[in-house]
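Below is one structure, written out as structure tokens; comments come after it.
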Amino acid sequence: MPPQHFDTIVIGSGLAGLTFALDAAKQGPVIVLTKAQLWESNTSYAQGGIAAAVGESDSWQLHEQDTLIAGAGLCDPAAVRFLVQEAPAAIEWLASLGAQFDKETDLTDWALGMEGGHSRNRIVHHADRTGWEVERAMNEAVRKEPNITILENAFVTDLLMQDGRCIGCAMQDRDLGIRSFTSRAVILATGGAGRLYQHTTNPRIATADGVALAARVGAAIQDMEFMQFHPTTLYHPQMRSFLITEAVRGEGGTLRNHQGARFMYDYDERLELAPRDIVARAIDAEMKKLQTWCVYLDMTHLARSHIERHFPTIVERLKGVGLEPHKNWIPVVPAQHYSCGGVVTDLNGRTSIPGLFAAGEVARTGVHGANRLASNSLLEALVFAKAAASALSGESAPKIKPTSLGNRHSILEADALRIRRSLEKTMTEHVGIVRHNRGLAQASNRVAELTQEYKDLPEAPPDVYAIEAENLLIAAKSVIDGAIARQVNVGLHYNADLDIAPGHQPKTSIAPK
Ligand code: FAD
Ligand code: SIN
């Protein structure tokens, strides 16, 4: 089948992809290629909300300052300023599409939540299912737009290049085999890399495909070592890694060890609302010190009605495993949550490859530095996808020559499963919250071995799960290489063999509160 042409190709249907698609559709026909159903994305699972300085006592300057502090000195200040200044308008735009956010009782102002690292209440939310509401509104909007074609179960395997420029992509269709599309511009909006680890809040689509697609065509990738672990995911055999939003701590939830002590007093004066890297590392240290499998999130001092109103999804899900947050402490552990690094872009979402844009979690815009501030991710997806769509008008249409394509090397699913399990184990053991020189070297060797094994296995019918394995191996190498090269402890990167950074060592005494 010859390539089909669209003005723009969007890869991914989370908040970044669909925001871009809606704006780009004003300029010409757009195709959205997404590897599962339209709604399936990290976006759909977002709980806490979207950060924006819209409160009376707030300002973009304060949001900027909090973002820079959380980023531990490695943010790009221009990107941060752009993000926080655009935030209120981005929220208004989402609301204009029909996304419903909680309001104060006077029905005029947004109800603003609090999360770690924020100096003001500034999280616009829809109870504890903000992402679901945002994705619902976006799905409705794109389905109504006549200039947007949507292709579900369309797994993009390769970017098409001509004379150093990206001119389209190839995708795997279960029934029709390989299909290709050409365009004036392609945007990667493929989300995160959570499936590199055994325990992650991310859904199964988060296999770092965008990073691998970009790396294969030589795009610049950066900061992959800054892998964010969310401090509080459920520790329960039936529902491992279900997120318990940081907004719980914003509403007064506290962290306790099994002896009942509020151990955050020993780690940071901001206690449970310190930036995420600090809280996750403190939990990790506490579990190691007391040799326990988890710590506890305590909401029992909050009124049952308050908990049920703010966190209906969490209450419902916990009920399923016999826990009642107004009565029981919730067992929690950190789990992989977000990839701060990715494909390098400028403020307009342009990558280092002409014709190729990136936005959302797959992109490294510079706004997160060494650690992302809570609820800045949905915001980044919105703001930078919009900027990329605006920049599209400057893109000229390339004259496309006929290209021929082969299948990407695939292996049997059973072999892919073995490789993926081994990779997840390696990443979890050696490239987690606390790293060591020896572990990083071991991880590097293991990923090289698994990559060779993948290459040496005989060709099998094209299989999404298998090609995802190859993508994960490429991303893993990037994370490990970045971690080995980063010879200083900063933000989310913590190598215990380097000098101990201030604030990382627990004090000795514990005073239960
Ligand atoms: P995604 O929403 O992940 O979308 C990626 C899309 O790309 C998907 O549709 C996927 O199917 C598609 N795709 C991937 N690879 C391919 C391929 N090869 N071919 C075709 N399609 C492909 N952030 C906040 O700011 N606030 C929060 O409250 C918050 N809560 C969170 C809670 C959870 C449980 C999780 C997992 C994340 C949370 N985050 C939150 C982070 C935030 O949700 C994500 O970073 C953000 O949604 C990413 O949006 P995105 O559009 O970049 O990617
Ligand atoms: C959460 O609700 O705790 C997640 C927020 C985020 O990842 O920004």
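The values are calculated or read from the model by the stated rules, or taken from the named source; none is laboratory data. What you are looking at is a predicted structure, and each value in this text was computed from that prediction instead of being measured. All Cβ positions, glycine included, derive from the backbone under ideal geometry; neighbour counts span all protein chains shown. Keep in mind that these areas ignore ligands, DNA and RNA; they rest on the heavy atoms of the full protein, side chains included. Shrake-Rupley method; radii C 1.70, N 1.55, O 1.52, S 1.80 Å.
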Query raised in the report: Hey, which aspartates and glutamates would be in cross-link range of Lys35, C-alpha to C-alpha under 15 Å, not counting anything within fewer than 8 residues on its own chain?
Result: Glu152, Asp158, Asp173, Asp175, Asp209, Asp463, Glu468
Query raised in the report: Of all accessible surface on region 46-157 at a 1.4 Å probe, what whole percent is carbon and sulfur?
Result: 49
Query raised in the report: Which cross-chain or sequence-distant (5 or more) residues have an amide H under 5 Å from the amide H of Gln162, H modelled 1.01 Å from N in plane?
Result: Ile167
Query raised in the report: In a shell of Cβ-Cβ distance under 11 Å around Gly12, excluding Gly12 itself, what net charge do Lys and Arg (+1) and Asp and Glu (-1) give?
Result: -2
Query raised in the report: Using alpha carbons only, how many degrees (0 to 90, rounded to 10) separate the axis of helix 77-96 from the longest principal axis of the chain?
Result: 90
Query raised in the report: What percentage of the solvent-accessible surface of region 212-282, computed with a 1.4 Å probe over protein heavy atoms, is contributed by carbon and sulfur atoms?
Result: 46
Query raised in the report: Using the Cα atoms as the points, what is the convex hull volume per residue of the chain in Å³?
Result: 142
Requested in this report: In whole Hz, with x marking every Gly and Pro, tabulate ³J(HN,Hα) for region 424-432 from phi via Karplus 6.51 cos²θ - 1.76 cosθ + 1.60, θ = phi - 60°.
Outcome: 4, 5, 4, 5, 5, 6, 10, 10, x
Query raised in the report: How do the peptides 344-353, 239-248 rank, highest first, by the average count of neighbouring beta carbon atoms within 10 Å per residue?
Result: 239-248, 344-353
Report task. Could you give the size of the charge dipole of the chain about its Cα centre, using +1 on the Cβ of each K and R and -1 on the Cβ of each D and E, expressed in debye and rounded to the nearest 20? Result -> 660
Requested in this report: Evaluate the distance, in nm, between pseudo-label points positioned 7 Å from the Cα of His5 and of Glu104 along their respective Cα→Cβ axes.
Outcome: 5.4
**Report entry** Degrees, to the nearest 10: 60-70 long Cα axis against longest axis of the chain
**Finding:** 80
**Report entry** Semi-axis lengths, Å, region 367-417, gyration tensor of Cα atoms, sqrt of 5 times eigenvalues
**Finding:** 33, 28, 8
Query - Calculated diffusion of region 288-333, Stokes-Einstein form, Kirkwood radius summed over Cα pairs, 25 °C and 0.890 mPa s, µm²/s - result: 217
**Report entry** Where labels lie 7 Å past Cα in the beta-carbon direction, separation of Gln442 and Ala95 in nm
**Finding:** 5.2
Report task. Subtract the Cα-Cα distance of Gln37 and Lys401 from 0.36 nm times their separation in residues, and report this length gain in nm to one decimal. Result -> 127.8 nm
Query raised in the report: What's the angle, to the nearest 10 degrees (0 to 90), between helix 276-290's Cα axis and the longest principal axis of the chain?
Result: 60
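Within region 1-84, list the trypsin sites (Lys or Arg not before Pro) lying in a DSSP loop whose Cβ has at most 13 other Cβ atoms in a 10 Å radius. The partial results should precede the final answer.
Working: sites: Lys26, Lys35, Arg81; in loops: Lys26, Lys35.
Counting only loop positions with at most 13 other Cβ atoms within 10 Å, the trypsin sites (Lys or Arg not before Pro) in region 1-84 are Lys26.
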Query - Selected from Leu196, Ile221, Gly177, residue furthest toward positive end of dipole (region 149-269; charges at beta carbon) - result: Gly177
Query - Rg(Cα) / (2.2 N^0.38 Å) computed for region 186-289, rounded to two decimals - result: 1.30
Query raised in the report: Counting only residues 5 or more places away or on other chains, whose amide H sits under 5 Å from the amide H of Val156 once H atoms are built in the peptide plane?
Result: Gln172
**Report entry** 10 Å-binned pair-distance histogram of region 343-485 (Cα, whole percent)
**Finding:** 10, 27, 30, 27, 6, 0
Query - Residue-normalised accessible area of the chain, given per residue in Å² at a 1.4 Å probe - result: 39
Query raised in the report: What ranking do 355-368, 379-392, 195-208 get when scored by the average of other Cβ atoms within 10 Å per residue, highest first?
Result: 355-368, 379-392, 195-208
**Report entry** Calculated from backbone phi, Karplus (6.51, -1.76, 1.60) coupling profile of region 395-401 in Hz, x at Gly/Pro
**Finding:** 8, 8, 8, x, 7, 8, 8
Query raised in the report: Using r as the Cβ-Cβ distance of Glu316 and Gln259, and R0 as 25 Å, what FRET efficiency do you calculate, to the nearest 0.05?
Result: 0.25
Report task. State the three equivalent ellipsoid semi-axes of region 115-205, derived from the C-alpha gyration tensor as the square roots of 5 times its eigenvalues, in descending order and whole Å. Result -> 32, 19, 16
Query raised in the report: Rounded to a whole number, what % of the accessible area of region 363-407 do carbon and sulfur atoms account for, probe 1.4 Å?
Result: 51
Report summary line: Of the listed links Lys26/Lys386; Lys455/Lys477; Lys103/Lys144; Lys289/Lys319, those spanning more than 22 angstrom between alpha carbons are Lys103/Lys144; Lys289/Lys319
Report summary line: HN-Hα couplings for region 254-269 via Karplus (6.51, -1.76, 1.60; θ = phi - 60°), in whole Hz with x for Gly/Pro, come out as 10, 9, 10, 8, 5, 8, x, 6, 7, 5, 4, 4, 8, 10, 7, 5
Query raised in the report: Which of the lysines could be linked to Lys288 by a straight reach, that is with a Cα gap under 24 Å, when you skip same-chain ones fewer than 8 residues away?
Result: Lys425, Lys507, Lys513
